[in-house]
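Engineer: Sharing a structure here in structure tokens format.
The values are calculated or read from the model by the stated rules, or taken from the named source; none is laboratory data. Because the structure is predicted, anything quoted here is derived from the model rather than measured. Note that we place each Cβ from the backbone using ideal geometry, even for glycine, and neighbour counts take in every protein chain shown. Just so you know, the surface numbers come from the protein's heavy atoms only, side chains and all, with ligands and any DNA or RNA stripped out. Shrake-Rupley method; radii C 1.70, N 1.55, O 1.52, S 1.80 Å.
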Amino acid sequence: MTETIPAEHPRLLPPPTPGPRALRERLAGLVRGRADAARWERPAFLGLLLVTGLLYLVNLGVNGWANAFYSAAVQAGSQSWEAFFYGSSDAANAITVDKPPAFLWVIGISVRLFGLNSWSILVPQALMGVASVAVLYRVVRRRFSAGAALTAGAVLATTPVATLMFRYDNPDALLVLLTVGAIALTLRGIESGRMRWVVWAGVLVGLGFLTKQLQAFLVLPPLVGVYLVASPRPVLRRVGHLVAAALAVVVSAGWWVAIVELVPASARPYVGGSQTNSFLELTFGYNGLGRVTGDETGSVVPGGTTGAGSWGSTGLTRLFGSEFGTQVTWLLPTALVLLVVSLVAVGVRRRRDPRLATVLVLGGSLLVTGLVFSFMGGIFHPYYTVALAPYIAGLVGIGAGLLWQRRAVLAWRIVAAAVVALSGAWSFALLSQASSWQPWIRWVVVGATVAGTVLVLLPPRGRGLAGATVATVLVAALLGPTAFSVQTTTVGHTGALPSAGPSVTTSGSGGGRGGMPGGQGGPGGQGAPGGQAAPGGQAAPGGAPGSQTGTGQNTSGQNTSGQNTNGQNTNGQGAAGPGTASGTDGGGNARGGGMNLLGGSTEVSDDVVAALSADADDHTWAAATVGSNSAATYQLATGDPVMAIGGYNGTDPAPTLAEFRTLVAAGEIHWFIGGSTSTSGSGSDAAAEIAEWVAAHYEATTIDGVTLYDLTPTS
């Protein structure tokens, strides 16, 4: 009988450890990039990211706490996981910020890892900027030349408002990254026909909603429309993919919303910015349709869509005005022209061409977002326009690359020359608005524009001429925005209304670029800021590292419509009301007195900090004051929870007078800080009622110009 000997199973050995040579090859591959790429391509891309990182990181600490409203919420989240989850303004969870908290989660993780300081707050934003440039490069490079992708990345990196916001702690940095990521994933889905890519795109859009609510959905019409047109799958399959993507949006955005809405109001903080303690109301009201119609209950000033609302004139030319033009529109006219050029060059009848899909997604996103911004009648600040930057950059890169590839044909060279002339002329016009700042730059732009226009008209004649042409055109197109971006990094920007670049001349409404129309006031308060301070401004509250108030704002736009009983706002500056120690520093930022509702860089003296910090552990809140920005200033200075009565604008019914009196009677609040109160014609009057009740029943003490009321029960 023959015995069968079982075969020996092969032994699974671990993969060999790569030797020094293999490691060197891998590192070299990272530098060189893919095998079919030119040797210069990957080093150029890495160089672009390096320069972008330097632009966004160098001198970053000059911004101090930046937007103290959000920095205080990050501080609260570092002290309380409940505050972290809800995005509360203070660690005792009285009220949330008026935005969903996804961007605060990112910054909050950094702060929990590295401690609370300016760099731990702002470095994540800068890294989001570098990542946005990298993703946009990838979007363009998949179907277009390396030169087109590098140009797109460079345009995004040097857009002044992008430089500003990727060095600031507002939600816009994360929103831009998520939006560009959603575009990249959708285009992958169009190319491959696989559902997973559009589902992940839906996840990113949902996370964008948890960053800045309905603004994240502005990218949906072009994404949906282009996928329906360009996907290689049958129609029903395309629809099914989009349904799955929609579910991904709902789940990735809705889980947090469901928790907030289902948790009893008594077991969570009040939803800031709402009048009914509802995140859904905030979404569709103050932060939603109200931004479009101007009907925003609780806003400190009225909006309007009649062409001259309190937030500036609306219409097709709105974004090109001096208040917004130097922020983002340096290459907006060029992008619009190159959108048409790209459609002609690629061919609009080639429905399934991924190149056409890329152009349509970027162009559609630019048009949809730009039109909404142009006609929205509610709150609209210049820095919102950072949402347009990746679309402009992508179209400029693609269009320029297509024209360059067709430069052997005279007709295309004529188009290219016209584009160069348009870019240089608009750059000169924008630079002329800051005529007193580095006037030589605009004349260099003129020279480069003339030379570039001539050079692109010449037939191709070797690498030397090609290199000279590219360099000259880049100077004509990018010197202006790059100069404004570099200037933005040299001065500090603080408060709720930052703006990029040097001062510009404007005659528009709205209290000057970045300024809040009209004045705020109230007992012991002062006007809302009309702009930021001149160089040499005050240090940030509580000695934030390297902080100062910046220039970057004009002082010529006047608005005297927002008067209150104590003062008015003129020439873009906040007028001081009674009770301030030393008025303003030249830009609406207070020095020593009551706080501004809209923030700014305001000092808190050591004596005030000492008074607020005394026995803070015996109380839930060390102090309470009207408005989130005032509360943030004192909270960052002391490190203790400070209740923001009325939320951001002081117009939320949180707490009511009855609730506040109950908290005071229980000894939960130590001090009430006198200062600004809202004069809004809408929203709740609870904050004013509380201020009046405190003034009538408690004795005021003034320390370094700040009015304090000791609320400690006497019995």
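Engineer: Ile673: β-branched (Val, Ile, Thr), buried (at least 23 other Cβ atoms within 10 Å of the Cβ) and touching a residue at least 60 places away in the same chain (Cβ under 8 Å), yes or no?
Structural biologist: It is true that Ile673 is β-branched (Val, Ile, Thr), buried (at least 23 other Cβ atoms within 10 Å of the Cβ) and touching a residue at least 60 places away in the same chain (Cβ under 8 Å).
Engineer: Taking the conditions exactly as written (under 23 Å from Gly147 (Cβ atoms) and either open to solvent by 50 Å² or more (accessible area, probe 1.4 Å) or part of a helix (DSSP H, G or I) (or both)), does Ala429 satisfy them or not?
Structural biologist: no
Engineer: May I pose another question? Of all residues in region 132-147, count the ones that are part of a helix (DSSP H, G or I) and either surrounded by fewer than 24 Cβ atoms within 10 Å (Cβ to Cβ) or aromatic (Phe, Trp, Tyr) (or both).
Structural biologist: 7
One line per residue, one yes/no per condition, for (1) touching a helix residue (DSSP H, G or I) at 6+ places or on another chain (Cβ under 8 Å); (2) surrounded by 20 or more Cβ atoms within 10 Å (Cβ to Cβ):
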residue: Gly447; (1), (2): no, no
residue: Val456; (1), (2): yes, yes
residue: Gly462; (1), (2): no, no
residue: Leu465; (1), (2): yes, no
residue: Val473; (1), (2): yes, yes
residue: Pro481; (1), (2): yes, yes
residue: Val486; (1), (2): yes, no
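Engineer: Oh, and also: Is one or more of the residues making up region 400-413 open to solvent by less than 10 Å² (accessible area, probe 1.4 Å) and free of Cβ contacts under 8 Å to residues at least 60 places away in the same chain?
Structural biologist: Looking for residues that are open to solvent by less than 10 Å² (accessible area, probe 1.4 Å) and free of Cβ contacts under 8 Å to residues at least 60 places away in the same chain, one finds none in region 400-413, hence no.
Engineer: Could you list, ordered by first residue, the pairs with Cβ atoms under 7 Å in which the first is in region 462-474 and closer than 16 Å to Ala154 by Cβ and touching a residue at least 40 places away in the same chain (Cβ under 8 Å) and the second is assigned to a helix (DSSP H, G or I) and open to solvent by less than 50 Å² (accessible area, probe 1.4 Å), at least 6 apart or interchain?
Structural biologist: Val473/Val420; Val473/Gly452; Val473/Val456
Engineer: Could you list all residues from region 483-504 that are of a type in the set (S, T, N, Q) and touching a Gly at 6+ places or on another chain (Cβ under 9 Å)?
Structural biologist: Those that are of a type in the set (S, T, N, Q) and touching a Gly at 6+ places or on another chain (Cβ under 9 Å): Ser485, Gln487, Thr488, Thr490, Thr494, Ser499, Ser503.
Engineer: Right, here's the next one. How many residues, within region 183-212, are at pLDDT below 95 and open to solvent by less than 10 Å² (accessible area, probe 1.4 Å)?
Structural biologist: 1
Engineer: Right, another one. Quick check on region 658-704: of everything there that is closer than 18 Å to Ala94 by Cβ and assigned to a strand (DSSP E or B), which residue is modelled with the lowest pLDDT?
Structural biologist: Here the answer is Thr677.
Engineer: Okay, next question. Can you give me the ranges of the helices (runs of 4 or more DSSP H) entirely in region 51-129 with at least 2 residues that are under 26 Å from Ala162 (Cα atoms)?
Structural biologist: By residue number, 68-79, 102-114.
Engineer: Would a scan of region 237-255 turn up a residue that is closer than 22 Å to Trp105 by Cβ, assigned to a helix (DSSP H, G or I) and touching a residue at least 60 places away in the same chain (Cβ under 8 Å)?
Structural biologist: Looking for residues that are closer than 22 Å to Trp105 by Cβ, assigned to a helix (DSSP H, G or I) and touching a residue at least 60 places away in the same chain (Cβ under 8 Å), one finds none in region 237-255, hence no.
Engineer: Where residues in region 590-626 are open to solvent by 20 Å² or more (accessible area, probe 1.4 Å), of a type in the set (Ser, Thr, Tyr) and in a loop (DSSP other than H, G, I, E, B), which of them is modelled with the highest pLDDT?
Structural biologist: Here the residue is Thr620.
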